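The values are calculated or read from the model by the stated rules, or taken from the named source; none is laboratory data. Remember, predicted model here, so these are calculated numbers, not experimental data. Backbone-built Cβ (ideal geometry, glycine too); neighbour counts: all protein chains shown.
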Amino acid sequence: MKNLKIADIIDISLPIYPGMITYPKNPDVAFERLSTGVSFLSHISLGTHTGTHMDVPGHVFEGASGMEDVGLTRLVGPCRVLDMTRVKECIKVSDLESHRIRLGERVLVRTKNSRRGFKEFYPDYIYLDGDAAEYLAKKRITLFGIDALSIKKRGSIDQRPHTTLLKKGIIIVEGLDLARVKPGKYTFVGLPLRLDTPDGAPMRAILLKGKL
């Protein structure tokens with residue numbers, strides 16, 4: 001991409017700060033300002049699934065691959081943002097079928113979660129239905145992103161939104177802020193912290209208008 005401008009970059013990451021929302025039972029965020037005598041730094045405490053973050057197979061499968069096994073080429077490249085703002089409860093197969101999802105795509109879904117914002121946790125957030133997760137797995141997409149802190153319904157015994165995608169090695173990105181993003185084609189860049197963790201890591205994610 002030549003002559004990239006600020007207007008061509010859309011930050012879709014949630015800011016991380018003390019008091020921000022976290023998924024229930026996840027660690028709270030805490031900052032402690034420290035002095036070395038000649039400079040200042042901060043001690044930071046947070047969970048690996050804080051804010052905008054990615055899930056890898058070790059998140060749900062004991063002994064499965066973790067962050068060290070994720071190739072960055074899967075986290076950078078063309079993507080599509082799909083408009084799911086009319087969905088009332090969960091994203092179903094019927095909501096996806098009309099978009100003609102293709103092999104290897106990176107798919108982000110914009111729902112009413114982004115409209116409500118991320119200042120407080122809404123238990124009735126829009127999530128991905130288990131059958132829809134299986135549909136995406138059969139399509140063999142590369143990455144799926146959603147504007148909620150979890151891809152699955154809170155408290156549901158149906159683990160397929162996580163297990164079906166992660167079993168196929170499909171990256172899950174949660175906690176995206178797509179409020180300022182119009183449906184369409186973009187270049188996705190999502191770089192997680194280089195943490196050697198088995199389950200996931202916080203990520204700075206952006207969309208670029210156009211192709212690299």
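Odds and ends about this structure:
- Pair list, Cβ under 9 Å, 6 or more apart: the range 57-69 residue β-branched (Val, Ile, Thr), other residue surrounded by fewer than 18 Cβ atoms within 10 Å (Cβ to Cβ) and modelled with pLDDT of 75 or more: VAL60/GLN159; VAL60/LYS167
- Residue within the range 147-167 that is out of contact with any helix residue (DSSP H, G or I) (no Cβ under 9 Å at 6 or more places or on another chain) and outside any loop (DSSP other than H, G, I, E, B) present: no
- Test: residue in the range 129-136 that is surrounded by 22 or more Cβ atoms within 10 Å (Cβ to Cβ), closer than 19 Å to GLY51 by Cβ, touching a strand residue (DSSP E or B) at 6+ places or on another chain (Cβ under 8 Å) and not small (Gly, Ala, Ser): no
- Residue check for ASP11: under 20 Å from the mean Cα position of the chain (by Cα), of a type in the set (Asp, Glu), within 25 Å of LEU207 (Cα to Cα) and surrounded by fewer than 16 Cβ atoms within 10 Å (Cβ to Cβ): yes
- Residue match in the range 91-111 (condition: of a type in the set (D, E, K, R), surrounded by fewer than 16 Cβ atoms within 10 Å (Cβ to Cβ) and within 30 Å of ASP28 (Cα to Cα)): no
- The residues of the range 181-200 that are at pLDDT 95 or above and outside any strand (DSSP E or B), listed by number, are VAL181, LYS182, PRO183.
- Scanning the range 92-105 for residues that are over 14 Å from LYS138 (Cβ atoms) and in contact with an Asp or Glu (Cβ under 6 Å, 6 or more places away or on another chain) turns up just one, LYS92.
- Total residues in the range 72-91, condition touching a residue at least 60 places away in the same chain (Cβ under 8 Å) and either in contact with a strand residue (DSSP E or B) (Cβ under 7 Å, 6 or more places away or on another chain) or part of a strand (DSSP E or B) (or both): 11
- For the range 112-124, filtered to residues that are among the charged types (D, E, K, R) and either under 15 Å from the mean Cα position of the chain (by Cα) or in a helix (DSSP H, G or I) (or both), the residue that is surrounded by the fewest Cβ atoms within 10 Å (Cβ to Cβ) is ARG115.
- Only one entry in ILE141, ILE157, ILE151, ILE171 is without any contact (Cβ under 8 Å) to a residue 60 or more places away in the chain, touching a strand residue (DSSP E or B) at 6+ places or on another chain (Cβ under 7 Å) and within 22 Å of VAL56 (Cα to Cα), namely ILE141.
- Top-ranked residue in the range 146-167 [being surrounded by fewer than 16 Cβ atoms within 10 Å (Cβ to Cβ) and of a type outside the set (S, T, N, Q); ranked as farthest from SER114 (Cα to Cα)]: LYS167
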